[in-house]
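No value in this document is a laboratory result; all are computed from the given coordinates. Predicted model, so just to flag it, every value in this text is computed and none were measured. Cβ placement follows ideal geometry from the backbone for every residue including glycine, while neighbour counts extend to all protein chains displayed.
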Amino acid sequence: MTLPTLHGLRLIANPAASPDALYGPRQCAILSPAGLAAARREIASWPGYAPTPLVALPGLAAAAGVADIRYKDESGRFGLGSFKALGGAYAVLRLLRSRPDRHPAEITVCCATDGNHGRSVAWGARQFGCRCVIFIHATVSEGRRAAIAAYGAEVIRTAGTYDDSVRAAAEAAARNGWHVVSDTSYDGYRDIPRDVMQGYTVMAEEALEQIPAPPTHVFVQGGVGGLAAAVCAQLWQRYGARRPVFVVAEPDRADCLFRSAAAGRRVAVPGDLNTLMAGLACGEVSELAWEILEPAAPFFTAIPDDAAVAVMRLLADGVDGDPPLVAGESAVAGLAVALAAAQDPPARAKLGLGPDARVLVFGTEGATDPDLYEELVGRPAASVAGAA
Ligand SMILES: Cc1ncc(COP(=O)(O)O)c(C=O)c1O
């Protein structure tokens, strides 16, 4: 099969990244082998834990002119629909354990979310017995609001963008003595987002254990960068200077990581960040994520929304006998960039994406907004063969 042409890829090399950079004390203070072991031990003990599948897509790989594509399918993670189940809930647990003087029922956690992180925090709060208040911004869908409320959290809708809801959550927490469990870090707020990212490393490690041969290229989508940094850190620790080519992928309307790499420092994207990829609609880079990505991620990219939609459809249909997959709109930016780069000779050359390339991507969510999924793909997620 010939793939649809995916237009509008932007790609830059990160001048600050070096393959020889060592995973040093600064990075180890963020994500470490001991931290991974602890997160793994804990998360594996939760009811319903199982490694998510790493799906081989040979039809898609052949169509893209590479040797192998593996898709880590997070749609079934703990029944929450996304990899975020690993992060927020784990950070809630670590927070409660850090306060043995208080009964969990006396503690309130809160956060801002575009959907998936809030669902994880609400789920963790219910599991571990504390109160939970979740802030969502103006355009978070009603379906996503209801999915969070279903875990017993109070949900507050605020005006403006995701970044405005982050500020609203911080202000409410300061006023009421609540604990912010955020997936993004900033000056003076690092411990909790570090635990969130350490939870994500469990997913990365699962994938590296499942994959039959080390990948040559890994493409990961970025919102605030926590996910990309967690995957990058695992690759860096496991493979050192022989690690795969690592590519960060963002929506072109919310490209704060891309712009930061271009500027050589963290810069924010102003405006309404109007991308379909709700989970990636972030204008500000996480401080901790940047401390890992800046020295270690050699490429940053951005793609338009229509490329993501085209890839959601490709996955739902399954290319040339590949198993059909339900992927939400924020799940596929990495794969969309991989396919767009494979079609574009200069990008292919820049990334060394040749016929021997073994590509790993992370399908970070299923149809977490089922109505939007149906609108974009043209049929309900439940009708995609093999859908849970
Ligand atoms: C499905 C999905 N993929 C990827 C991301 C990006 O994660 P991060 O914000 O840590 O970069 C998110 C964030 O919400 C998400 O929901």
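At-a-glance table
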| item | result |
| --- | --- |
| Prolate/oblate/rounded label for segment 177-224 (Cα gyration tensor, a/c 1.5) | prolate |
| Computed E for GLU154/ARG41 - FRET, C-beta separation, R0 25 angstrom, nearest 0.05 | 0.20 |
| Estimated dipole of the chain in Debye, rounded to 20 [Cβ of Lys and Arg +1, of Asp and Glu -1, Cα centre] | 920 debye |
| Most mobile listed residue (ASP369, ASP68, ASP187) in the chain, GNM with C-alpha springs under 10 Å | ASP187 |
| Burial ranking of peptide ranges 169-181, 190-202 (average Cβ count within 10 Å, highest at the top) | 190-202, 169-181 |
| Column: log10 I(q)/I(0), Debye, Cα scatterers of segment 207-365, q = 0.12, 0.15, 0.17 Å⁻¹ | -0.48, -0.77, -1.00 |
| Segment 233-370, dipole about Cα centre (Lys/Arg Cβ +1, Asp/Glu Cβ -1), debye to the nearest 20 | 680 debye |
| Cα gyration tensor shape for segment 67-179, rounded if a/c is under 1.5, else prolate or oblate | oblate |
| Whether segment 202-293 is rounded, prolate or oblate, judged on the alpha carbon gyration tensor where a/c under 1.5 counts as rounded | prolate |
| For segment 142-295: span of alpha carbons on each principal axis (Å, largest first) | 48, 35, 32 |
| Theoretical gain in end-to-end length, LYS350 to GLU375 [0.36 nm per residue, Cα-Cα removed] | 5.5 nm |
| Residue with peak Gaussian network fluctuation, the chain [Cα springs, cutoff 10 Å], from ALA112, ALA262, ALA229 | ALA262 |
| Footprinting exposure proxy for ASP101, ASP114, ASP164 (fewest neighbouring C-beta atoms within 10 Å first) | ASP101, ASP164, ASP114 |
| Within the chain, helix-based [θ] at 222 nm, where runs of 4 or more DSSP H residues each add -39,500 (n - 2.57), nearest 500 | -12500 deg cm²/dmol |
| Dipole magnitude of segment 88-182, debye to nearest 20 (Cβ charges: Lys/Arg +1, Asp/Glu -1, about Cα centre) | 260 debye |
| Residue of ALA281, ALA146, ALA331 that the Gaussian network model of the chain assigns the largest fluctuation, springs spanning Cα pairs under 10 Å | ALA146 |
| Compactness index (Cα Rg / 2.2 N^0.38 Å), the chain | 0.91 |
| Distance in nm between pseudo-label sites at GLU171 and ALA34 (7 Å out along the Cβ direction from Cα) | 4.0 nm |
| Antiparallel %, DSSP beta bridges [both residues in the chain], to 5 | 20 percent |
| ILE211 paired with ALA263, simple spin-label distance in nm, labels 7 Å along Cα-to-beta-carbon | 3.1 nm |
| Bins of 5 Å from zero: percent of alpha-carbon pairs in segment 1-46 | 5, 13, 12, 12, 10, 10, 11, 14, 12, 1 |
| Contact order normalised by residue count of segment 88-182, Cα under 8 Å, 6+ apart, percent | 33 percent |
